[in-house]
1. Treat the range 47-101 as a sphere of radius equal to its Kirkwood radius over Cα pairs and apply Stokes-Einstein at 25 °C in a medium of 0.890 mPa s; give the translational diffusion coefficient in µm²/s, rounded to a whole number.
2. Using alpha carbons only, how many angstrom separate the centre of the range 63-124 from the centre of the range 126-171?
3. Once Lys and Arg get +1 and Asp and Glu get -1 on their Cβ, which of LEU61, THR40, LEU131 lies farthest toward the positive end of the dipole of the range 39-140?
4. Could you list the residues of the range 173-211 with an amide nitrogen less than 17 Å from a label point located 7 Å from the Cα of ILE97 in the Cα-to-C-beta direction?
5. Dipole magnitude of the chain about its Cα centre, charges +1 at Lys/Arg Cβ and -1 at Asp/Glu Cβ only, in debye to the nearest 20?
6. Where only protein heavy atoms count, and the probe is 1.4 Å, what is the accessible area per residue for the chain in Å²?
7. Calculate, axis by axis, the spread of Cα positions in the range 35-184 along the three principal axes, and write the results as whole Å, longest axis first.
8. Listed highest first by mean packing, meaning other Cβ atoms within 10 Å per residue, what order do 185-193, 44-52 come in?
Amino acid sequence: MAPDRAEPHPSGRRLALVFGAVLAILAAVNVADKYGPHHTGLVAGPVVALALVLIARRAGLTWHDLGLSRRTLLPGLRYAVGAVAAVAVVYAIGAAIPATRVAFHDVRYHLHPGAALLTALVVVPFGTVLLEEVAFRGVLVGLVNRHRGATWASITSSVLFGLWHILPSLRLAQVNQAVGATLGSGTVGSVLAVVGAVGFTAVAGLLLCELRRRSGSLLAAAGLHWATNGLGLLIAAGLATTSLP
């Protein structure tokens, strides 16, 4: 990775064009991942992430703008380890308490141990976390921050991150027992589940942006993101194959 160097600030028009191109690419990937062959994201994720980084660099963003500077690698790693540990503690408590254990009952994660490990350690980091962090906390934050500042960058990125989850949450009320029991599994319940998922992930996006801002590195946000998805999947799969009271 080449050292950071000062880049001329790109014009607002150029940033807008690049911003629109990034959104178009992400929309296409989102649709392909939902309706394309199984694990499309595992192939498209790394390829598209690399393409977005190249586009952003061509637009004048530095490695620091993208959260990929070598100077912030160690702080980002420390934040990432802390985030994984914190999520592990919260999830362990949630799985141990009968009242909250139902939140982990999701038919999407009824997997054999080997499949669960493969999904958590390969599919989630490379098919989900890599692209989403590079796109939303890296490229989009970098582009908006150059033109409108850090606050607008976090808000814009987080709103788009919430909207990104519309397609993945269309069947949430049917596959997650806690969501279905609370909202119902009919049309109204499905709509409410999608709205809730978009709102929740938008708020989560703000937290991820803050971690990225504080550490200066995408590693921090990626650590929390992986822990939320990967550890949740492992616990859900583990509960599905055991007979806890």
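1. Working: Rh = 14.0 Å.
D, rounded to a whole number, is 175 µm²/s.
2. Computed from Cα coordinates, the inter-centre distance equals 19 Å.
3. Going by the charge dipole, the pick is LEU61.
4. Only 178-179 fall inside the zone, counting backbone N under 17 Å.
5. On the way: 18 positive and 8 negative charges, 120 e Å.
Result for the chain is approximately 580 debye, rounded to the nearest 20.
6. Working: 12520 Å² over 245 residues.
Per-residue value: 51 Å².
7. 50, 36, 32
8. Working: 185-193: 15.6, 44-52: 17.9.
Going from most to least packed, we get 44-52, 185-193.
The values are calculated or read from the model by the stated rules, or taken from the named source; none is laboratory data. Not measured: the values here are computed from a predicted model. Glycine also receives a Cβ, built like all others from the backbone with ideal geometry; neighbour counts cover every protein chain displayed. Areas reflect the complete protein model, heavy atoms only, side chains present, ligands, DNA and RNA absent. Shrake-Rupley method; radii C 1.70, N 1.55, O 1.52, S 1.80 Å.
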